[in-house]
Amino acid sequence: QVQFEESGGGLVQPGGSLRLSCVVSRSIYSVYTLAWYRQRPGGQREWIAAINGSGDTKYVASVLGRFTISQDNTKSTVYLQMKRLKPEDTAVYFCNKFASVLGWGQGTQVTVSS
């Protein structure tokens, strides 16, 4: 059973924007705090943004003010709006529970390059 299905990645120039989407299995969506993670080339997977059922959000410093996490309860979908993208944002992006992660989806590749 697919639990997390990410989409929306692509190639974008520095300073550009992208919106990622993650469809979450309904059995997970309404129960847990959800998060976006990324794995940069040669690096470890790290969480970058999280949102709970009340809509409270938190971010790591490197994306604060540039990325916005949101959710659509009617679609069991979590979004990551990314603005003012930088080359160092190049990574595969995943969504999952905020802690005690479940199986990973395939992720979506974001490449920031001129």
Open item on the list: What number does the chain give for Rg over Rh if you use C-alpha atoms and the Kirkwood radius?
Closed with: 0.94
- [ ] Can you tell me the order of 54-67, 24-37, 1-14 when each peptide is scored by its average per-residue count of other Cβ atoms within 10 angstrom, highest first?
- [x] 24-37, 1-14, 54-67
Open item on the list: Run the helix sum for the chain: -39,500 (n - 2.57) per DSSP H stretch of 4+ residues, divided by residue count, reported at 222 nm to the nearest 500 deg cm²/dmol.
Closed with: -500 deg cm²/dmol
- [ ] Compute the signed sum of charges (Lys and Arg +1, Asp and Glu -1) over the other residues within less than 14 Å, Cβ to Cβ, of residue 46.
- [x] +2
- [ ] Could you check how much of the accessible area of the chain is carbon and sulfur, as a whole percent, using a 1.4 Å probe?
- [x] 47
- [ ] Find the accessible area per residue for the chain; the probe is 1.4 Å, ligands and nucleic acids are left out, and the unit is Å².
- [x] 53
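The values are calculated or read from the model by the stated rules, or taken from the named source; none is laboratory data. Keep in mind it's a predicted model, so treat the numbers as computed, not measured. Virtual Cβ from ideal backbone geometry, glycine too; neighbours counted across all protein chains shown. These accessible areas exclude ligands, DNA and RNA; they are computed on the full protein's heavy atoms, side chains included. Shrake-Rupley method; radii C 1.70, N 1.55, O 1.52, S 1.80 Å.
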